[in-house]
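Working notes, beginning with the structure itself.
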Amino acid sequence: MNVLLVGDIVGKPGRAAFTQVAARLREEGRVDFIIANAENAAAGRGPTPEIANAILNAGADVVTLGDHAWDSKDMVAGIDMEDRIIRPANFPKSAPGKGWVRVETPEGPLVVLQLICRVFMQASYDCPFQLADRMLKAELSSDKVVFVDLHGEASSERMAMGRFLDGRVSAVCGTHTHCQTSDNRVFPNGTAYMTDLGMTGPQDSVLGREVEPVVAKFLTGVPHKFDVAKNDPTLEGALVDVDMKTGKANSIERIRITI
C-alpha cells in the first residue's frame with residue numbers, strides 16, 4: 001500500500017495545494033491512503049472542526065494536529081465528533097480527543113499514532129518514548145501497520161524516536177518545523193523515517209508567513225502581524241510503500257509538488 005504523509009498544511013494556500021495534489025495523486029493511482037497534518041490550516045493557526053473535516057473531505061483519511069490543536073475553541077469540543085481527527089497521544093489524559101486511530105482499509109487495518117516531542121517545545125508533555133513503548137505493548141500490540149506522526153522541534157529527538165521504534169512501527173515521520181529534510185530512509189529493521197515532512201503551503205515565505213514582517217521582527221524586536229503568504233503553494237511530504245502483511249516499509253520517497 002502507498003501511504004502519503006503530508007507536511008503541515010498552512011492556511012488557504014496550503015489547503016488548496018493539498019486538495020489539488022491529493023486528488024491528482026489518487027487519480028494517477030500513486031496513493032492509497034493519506035495522513036495530513038493540519039496544524040496550521042486555519043490562517044496559520046490550528047483548524048476549526050469545519051476546516052479539519054474539509055481536509056478529510058478533500059482526500060485525507062486521517063488528520064493530525066499538534067501544539068496548536070486548541071487554537072480554535074470549537075476544536076476543544078469538536079474533536080470528539082470525528083475519530084479520524086487526532087491530537088498527540090501524550091497530551092494530558094484529561095484533554096479531549098484521542099491520540100491514535102485504527103482505520104480499516106481494503107488491505108487491512110492501518111493505525112495512525114501522533115506523538116509530540118518535548119525538547120524546545122513550550123509545554124510539558126508525557127514522555128513520548130515511554131508512552132509509545134507502553135502502547136505498542138498494550139492496545140497496539142496486535143497491529144502490524146502503524147504510522148507515527150512525530151510533532152517536534154529537535155531533529156535529534158525525532159531521530160532518536162525513529163531508531164527507538166525501528167522494527168516496531170511502519171514509519172516515523174516528523175512534522176512541525178515546516179522545513180523538509182532530505183534524510184528519508186528505511187532503517188535496518190524496516191521502519192521508514194524522515195525527520196520532517198516539510199510544509200504544505202506558500203513556499204515564497206518564511207515558514208508560510210509573509211517575508212517582510214518576519215524579517216522586520218528579527219531586525220527590530222518589535223512585534224509584527226505575521227499573515228500567511230500567498231505565492232508558490234506547494235505540497236510537501238513523503239510517500240511510503242508499506243507491506244500490509246508484515247508492517248515493514250519497502251521504501252520512502254520525498255514529495256514536493258507545486259500547483
Here, GluC sites (Glu not before Pro) of the range 133-202 satisfying both criteria (DSSP loop; at most 15 other Cβ within 10 Å) are E139
So which trypsin sites (Lys or Arg not before Pro) in the range 1-50 end up in coil per DSSP with only 14 or fewer other C-beta atoms within 10 Å? R30
Quick check: at a probe of 1.4 Å, how many percent of the accessible area of the chain sits on carbon and sulfur atoms? 50 percent
With the other protein chains left in place, how much accessible area per residue, in square angstrom, belongs to the range 12-65 at a 1.4 angstrom probe? 36 Å²
Can you give the relative contact order of the range 1-149 as a percent, counting alpha carbon pairs under 8 Å and 6+ residues apart? 17 percent
Report, in degrees rounded to the nearest 10, the 0 to 90 angle that the Cα long axis of helix 128-137 makes with the longest principal axis of the chain. 30 degrees
Where does helix 11-27 land angle-wise versus the long Cα axis of the chain, in degrees 0 to 90, nearest 10? 40 degrees
Can you figure out the FRET efficiency of S156 with R134, using R₀ = 22 Å and their beta-carbon distance, to the nearest 0.05? 0.45
In the list (1) 50, 46, 37; (2) 72, 67, 32; (3) 52, 42, 36, the entry giving Cα extents along the principal axes in Å computed from the coordinates is (3)
Rounded, prolate or oblate, given the Cα gyration tensor of the range 117-184, with a/c below 1.5 counting as rounded? oblate
If I build a Gaussian network model for the chain, linking alpha-carbon pairs within less than 10 angstrom, which residue out of L131, L113, L219 has the largest mean-square fluctuation? L219
Quick calc, the chain, dipole around Cα centre from Cβ unit charges on Lys, Arg (+) and Asp, Glu (-), nearest 20 debye, gives 300 debye
Evaluate E = 1/(1 + (r/R0)^6) for S251 and K225, where r is the Cβ-Cβ distance and R0 equals 41 Å; express this FRET efficiency to the nearest 0.05. 0.45
Give me the extension gain from D74 to I259: residue separation times 0.36 nm, minus the current Cα-Cα distance, reported in nm with one decimal. 63.5 nm
Principal-axis tilt of helix 211-220 within the chain, Cα atoms, nearest 10 degrees: 70 degrees
Using a 1.4 Å probe, what is the accessible area per residue for the range 148-236, in Å²? 42 Å²
What does the extension gain come out to for S142 and S124, with contour length at 0.36 nm per residue minus their alpha carbon separation? 3.5 nm
Among A36, M135, L110, whose Cα lies farthest out toward the positive end of the dipole of the chain, if unit charges sit on the beta carbon of Lys, Arg (+1) and Asp, Glu (-1)? M135
Put a dot 7 Å past each Cα toward the Cβ at E212 and S94; how far apart are the dots in nm? 4.6 nm
Relative contact order, percent, the range 188-257 [alpha-carbon distance under 8 Å, six or more residues apart]: 34 percent
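The values are calculated or read from the model by the stated rules, or taken from the named source; none is laboratory data. Since we're looking at a predicted model, the values are computed, not measured. With ideal geometry, Cβ positions are generated from the backbone for all residues, glycine too; neighbour counts draw on all protein chains shown. For accessibility, only protein heavy atoms count, side chains too; no ligands or nucleic acids. Shrake-Rupley method; radii C 1.70, N 1.55, O 1.52, S 1.80 Å.
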